[in-house]
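Got a structure for you, questions after.
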Amino acid sequence: MKKISELDQDLLAIAYKLTKREGYAVLEYIIKNGESTDEEISKAFRVKPNVVRQIIYELEKNNLVKFRKTVDPKTNWVTFYWKPNREFFKTHIEYKRSKIIEKIKRRYEYEKNNMFFVCPQRCIRMTFDIAAQYDFRCTKCNQVLEVDESKNKMVKFLEDVLSKTLQK
């Protein structure tokens, strides 16, 4: 049996979050024993192969395992050899990064294209349209709202974040 690396521990943590105890246990078996068939795993856990297959398919659906397929030329029997998908983190992180960049871009456009008003007590910040609906009064303390002078700082900050993020 192999020792579990830090990368594999992270993979197991995600497996637990996404596929609960069963997925964690199956992935841990695969990590410790190397490439494994569903039959080997089912024998180790003393459960029916179809139970293990359901768990493995859930792991695969979440990109936590991948397989190598072989076909016996005499019987045409297909065997899948499962192994951890250690490349998962690269694609997962790239996906998360793209989602974060998308959110920052939306916020940047929102900040750039709106005029904001803020309560002098800093209770609330709202766009011109919403402030007009409340007669430019704070909905919490009823003070008269002021133009938010920090808008340009926020737009500049978001521009800087986007330029640094997109360079990487």
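Going from the alpha-carbon gyration tensor of the chain, what semi-axes, largest first and in whole Å, does one get by taking the root of 5 times each eigenvalue?
Each semi-axis is the square root of five times an eigenvalue, giving 55, 18, 14 Å.
Report the residue, chosen from THR37, THR91, THR75, that carries the largest GNM mean-square fluctuation when the chain is represented by alpha-carbon nodes joined by springs under 10 Å.
Comparing THR37, THR91, THR75 in a Gaussian network model of the chain, the most mobile one is THR75.
Relative contact order, percent, of the range 6-86 when contacts are C-alpha pairs under 8 Å separated by at least 6 residues?
32 percent
Relative contact order for the range 96-167 using alpha-carbon pairs under 8 Å, separation at least 6, rounded to a whole percent?
Relative CO of the range 96-167 lands at 34 percent.
If neighbour count is taken as other Cβ atoms inside 10 Å, put LYS3, LYS66 in order from fewest to most.
So the ranking, lowest neighbour count to highest, is LYS3, LYS66.
I would also like to ask the following. With an 8 Å Cα cut-off and a minimum separation of 6 or more residues, compute the relative contact order for the chain in percent. Kindly include the intermediate steps, with their values, before the conclusion.
Numbers: 181 pairs, mean separation 25.5, N = 168.
Answer for the chain is 15 percent.
What Kirkwood radius, in Å to one decimal, follows from the Cα pairs of the range 1-50?
11.2 Å
Nearest 20 debye, what's the magnitude of the dipole of the range 1-124 about its Cα centre given +1 on Lys and Arg Cβ and -1 on Asp and Glu Cβ? The partial results should precede the final answer.
Values: 27 positive and 17 negative charges, 62 e Å.
Roughly 300 debye, rounded to the nearest 20.
OK, next. What aspartates and glutamates could a cross-link reach from LYS3, if we take a straight Cα to Cα line under 18 Å and drop same-chain neighbours fewer than 8 places away?
In chain and number order, the partners are GLU28, GLU35.
When only alpha-carbon atoms count, how far does the range 37-125 stretch along each of its three principal axes, as whole angstroms with the largest first?
Result for the range 37-125: principal-axis Cα extents of 79, 27, 17 Å.
Still on this structure: Among the listed pairs LYS61/LYS83; LYS105/LYS151; LYS20/LYS99; LYS32/LYS66; LYS112/LYS151, give every one whose C-alpha distance is greater than 19 Å.
Violating the 19 Å limit, Cα to Cα: LYS20/LYS99.
So which residue, out of LEU158, LEU12, LEU64, gets the largest mean-square fluctuation from a GNM of the chain using Cα contacts under 10 Å as springs?
Residue with maximal mean-square fluctuation among LEU158, LEU12, LEU64: LEU158.
Okay, helix-only estimate at 222 nm for the chain: each DSSP H run of n ≥ 4 adds -39500 (n - 2.57), divide by all residues, round to 500 deg cm²/dmol; what do you get? Walk me through the numbers before you get to the answer.
Details: 6 runs with 98 residues, N = 168.
Counting only the DSSP helices, I get -19500 deg cm²/dmol.
Let me ask something else about it. Viscosity 1.002 mPa s, temperature 20 °C: what is the translational diffusion coefficient of the range 83-163 from Stokes-Einstein with a Kirkwood Rh over Cα pairs, rounded to a whole number of µm²/s?
Here the translational diffusion coefficient equals 143 µm²/s.
Karplus couplings for the range 39-54 from phi (6.51 cos²θ - 1.76 cosθ + 1.60, θ = phi - 60°), rounded to Hz, Gly and Pro as x?
Computed from phi, the couplings for the range 39-54 are 5, 4, 5, 5, 5, 4, 9, 6, 10, 5, x, 5, 5, 5, 4, 4 Hz.
Any read-out appearing in this document is the output of simple, stated calculations on the displayed coordinates, not a laboratory observation. Nothing here was measured: the structure is a model prediction, and the numbers come from that model. As a convention, Cβ positions derive from the backbone with ideal geometry for all residues, glycine included, and neighbour counts pool all protein chains shown.
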